[in-house]
Amino acid sequence: MSRLALLLSLVALPAFAQQDFSKVEIRSEKLADTVYMLVGAGGNLGLSVGEDAVFLVDDQFAPLTPRIEAAIAKLTPKPVKFVLNTHWHFDHTGGNENLGKAGSVIVAHENVRKRMSVENFIEFLGMKTKPDPRIALPVVTFTSDVTFHLNGDEIYVQHAPSAHTDGDAIVHYRKSDVVHMGDIMFNKLYPFIDTSSGGTVEGVIAAVDRVLQVTSEHTKIIPGHGPLATRADLQTYRNMLATISGRIGEQLRAGRTLEQVAASKPTAEFDAVWGNGFLKPDKFIEMLYQNLQKRQQ
Ligand SMILES: [Zn+2]
């Protein structure tokens, strides 16, 4: 996607359209000997550096690529050899075109390549996206999982079916004891689940449960959005999502309308912590209602 096309596609989404990238700084946080979390605008990045190669998880927005590269250059003289996209959304893949041109090998679940290749409509956000140019597309795709043996680590990438989208990957830096959740986890803000891209709340909860099984209280967890998390934060997130979606699902099965469900305030005790982000409580209730409704059909 050219910068112009990217900007045009962003106009449909006020939250991002108003974003002024000129003020964005990329901050790095060291999580283990070879693993960092980078935060700027858009999805949080994961970075593995060391003796073998630079392995980057997600790449935010195209205008930020030079700043992301500068932040990486402070940690290693090597170029980015691999980019792993956790899913197709533009705030995680916007740098693909620049990095692809610079020679990085882009890797993702096969549905990421499929969705990036065509025009998409994110129904809940009323947002159209244009097909990406060939150079921005993943050149290596997988269906179930793939492992990168780099920098003394075993970086295990596993598909999470029908979660935030239909092409999510969770990245487990096994030796470093770090997990990158992609947008399967939003920390301290209500998560977006992209129903029109094949996402389901059940899939998100199932993916979280799998991560809870293979981590410990020492594991550092990079959420797609929000601050660095612990396993306890992930458990809290899971409980919030299961409680609220359980309440909404029960009322939906009883034939209640969205207005009736919203009036019952199914998010009430969670709003103070989770309701001040991208999705306000009413939008989050509407999103879950529609997501669960689609499952019933
Ligand atoms: Zn996303």
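Given 4 °C and 1.567 mPa s, how large is the Stokes-Einstein diffusion coefficient of the chain in µm²/s, with Rh as the Kirkwood radius over Cα pairs? Rounded, D is 67 µm²/s.
Model label points for HIS149 and LYS283, set 7 angstrom from Cα along the Cα-to-Cβ axis, are 4.5 nm apart. How much FRET efficiency would the formula 1/(1 + (r/R0)^6) give for ALA268 and LYS188, where r is the Cβ-Cβ distance and R0 is 25 Å, rounded to 0.05? For ALA268 and LYS188, the calculated efficiency is 0.90. If you take all C-alpha pairs in the range 77-205, what percent of them are over 22 Å apart? Here the long-distance tail beyond 22 Å is 35 percent of all Cα pairs in the range 77-205. Amide H contacts of VAL54 (H built 1.01 Å from N, in plane; Pro and chain starts excluded): LYS81, PHE82 sit under 5 Å, all sequence-distant by 5 or more or on other chains.
The apolar share of the surface of the range 203-254, taken as the fraction of accessible area on carbon and sulfur atoms (1.4 Å probe, ligands and nucleic acids excluded), comes to 50 percent. DSSP beta bridges confined to the chain are antiparallel in about 70 percent of cases.
Summary value for the range 61-104: 58 percent relative contact order, contacts being C-alpha pairs under 8 angstrom separated by 6+ residues.
Membrane-span-like helices in the chain, defined here as complete DSSP H runs extending at least 15 Å along the helix axis by their C-alpha atoms with mean Kyte-Doolittle hydropathy no lower than 1.0, are 201-213; this is a sequence and geometry rule, not a statement about a membrane. Using the 1.4 Å probe convention, the accessible area of the range 123-183 works out to 40 Å² per residue with neighbouring protein chains retained. Packing, as the average of other Cβ atoms within 10 Å across residues, places the peptides 276-282, 221-227, 143-149 in the order 221-227, 276-282, 143-149, highest first. Under 5 Å between amide hydrogens, built in the peptide plane, is the criterion, and for THR86 it picks out ASP58 among residues at least 5 positions away or on other chains. In the chain, helical runs assigned H by DSSP with n ≥ 4 each contribute -39500 (n - 2.57); averaged across all residues and rounded to the nearest 500, the mean residue ellipticity at 222 nm is -10000 deg cm²/dmol.
Computed on the range 112-196, with alpha-carbon pairs under 8 angstrom and 6+ residues apart, the relative contact order is 21 percent. Result for the chain in a Gaussian network model with C-alpha springs under 10 Å: among LEU234, LEU75, LEU56, the largest mean-square fluctuation is at LEU75. Measuring between their Cα centroids, the range 49-76 and the range 187-241 lie 24 Å from each other.
The values are calculated or read from the model by the stated rules, or taken from the named source; none is laboratory data. These figures come from a predicted structure and were not determined experimentally. Quick reminder, even Gly has a Cβ in these numbers, built from the backbone with ideal geometry, and neighbours come from all protein chains shown. In case anyone asks, the SASA skips ligands and DNA or RNA and just uses the protein heavy atoms, side chains included. Shrake-Rupley method; radii C 1.70, N 1.55, O 1.52, S 1.80 Å.
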